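Note sheet for the following structure.
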Amino acid sequence: MSLAWTVLILSGVLEAVWASALDASRGFRRLWPSVLFLVSLLASFLGLAYAMLEIPVGTAYAVWVGIGAVLTAAWAMATRRDRPTLLRIALLFGLVACVVGLKVVS
């Protein structure tokens, strides 16, 4: 796996971090979740931009969003902010399959 793909995957993880921190900030009323949001947002976008130097924009963006969406949803279910259902979990596995598929065909 190339450095660009590694950075893209880590940036997708950071997308989940900033999305969860944004929720935890309660509209930027809590300092540390707000700081975590800003730091992880910046790092996530910088990583995405770096990855796009080597990976086509459509693939990079879809993988970045897919990783972030799956991890954010999984975290919300794990912390009981969202209700886990079999259908939600199955759909998240489908999203993971699509992200893996994009890597395979790239």
field: Selection count, segment 57-73, where residues are surrounded by fewer than 20 Cβ atoms within 10 Å (Cβ to Cβ) and either free of Cβ contacts under 8 Å to residues at least 24 places away in the same chain or more than 11 Å from the chain's Cα centre (by Cα) (or both)
entry: 4
- line: Reported set for segment 1-50 where residues are in a helix (DSSP H, G or I), surrounded by fewer than 13 Cβ atoms within 10 Å (Cβ to Cβ) and among the small types (Gly, Ala, Ser) is ALA49
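Select from segment 74-88 the residues that are surrounded by fewer than 16 Cβ atoms within 10 Å (Cβ to Cβ), within 25 Å of SER40 (Cβ to Cβ) and not basic (Lys, Arg) and list them in ascending order. Steps first, answer last, please.
At the first step, the residues of segment 74-88 found to be surrounded by fewer than 16 Cβ atoms within 10 Å (Cβ to Cβ) are 78-88.
Retained after the next criterion (residues that are within 25 Å of SER40 (Cβ to Cβ)): 78-82, 84, 88.
Answer for segment 74-88, where residues must be surrounded by fewer than 16 Cβ atoms within 10 Å (Cβ to Cβ), within 25 Å of SER40 (Cβ to Cβ) and not basic (Lys, Arg): ALA78, THR79, ASP82, PRO84.
Pick out the one residue from VAL35, VAL13 that is without any contact (Cβ under 8 Å) to a residue 60 or more places away in the chain, within 16 Å of VAL99 (Cβ to Cβ) and of a type outside the set (Gly, Ala, Ser). Spell out the reasoning first.
Values: VAL35 fails: within 16 Å of VAL99 (Cβ to Cβ).
After ruling out the rest, the residue left standing is VAL13.
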- request: Taking GLU54 as the residue in question, decide whether it is assigned to a loop (DSSP other than H, G, I, E, B) and surrounded by 13 or more Cβ atoms within 10 Å (Cβ to Cβ).
  value: yes
query: Looking only at segment 29-53, which residues are over 14 Å from the mean Cα position of the chain (by Cα) and of a type in the set (Phe, Trp, Tyr)?
result: TRP32, TYR50
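Every read-out reported here was derived from the displayed coordinates using simple, explicitly stated rules and does not represent laboratory data. Everything numeric here is computed off the predicted structure, so don't read it as measured data. Cβ atoms come from the backbone with ideal geometry, glycine included; neighbour counts cover every protein chain shown.
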